[in-house]
1. Kindly indicate the residue of the stretch 20-59 that is surrounded by 10 or more Cβ atoms within 10 Å (Cβ to Cβ) and among the polar types (S, T, N, Q) and also modelled with the highest pLDDT among those meeting that condition.
2. Determine which single condition Met17 fails, assuming it passes every other condition in (1) at pLDDT 85 or above; (2) in a loop (DSSP other than H, G, I, E, B); (3) surrounded by fewer than 10 Cβ atoms within 10 Å (Cβ to Cβ).
Amino acid sequence: ESTFNDIWAVPQGRTWMGRIISYWAGLTLGPLLLLTALGLTSAGQFEVVRDWLEKVEIIGIVVFLFFITFAHLFFC
């Protein structure tokens with residue numbers, strides 16, 4: 001925690017309770033979201049998205065991902 005604060009030049013670290021909540025959320029919600037995504041994919045719930053991805057060329061997907069990445073870097 002303190003190493004990341006030094007790297008990012010954070011003047012004040014998170015509180016002890018804030019750290020516990022963040023780590024707990026990551027450890028709890030991460031696997032739950034992963035299992036949910038796997039379950040929905042295997043159940044065929046993403047047929048619309050899968051059909052759309054098959055129609056779009058790979059270049060379009062790459063351009064879209066670059067756009068989203070740079071927009072996130074710019075605005076966050």
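The values are calculated or read from the model by the stated rules, or taken from the named source; none is laboratory data. None of the values given here were measured: they were computed from a predicted structure. Quick reminder, even Gly has a Cβ in these numbers, built from the backbone with ideal geometry, and neighbours come from all protein chains shown.
1. Thr28
2. (2)
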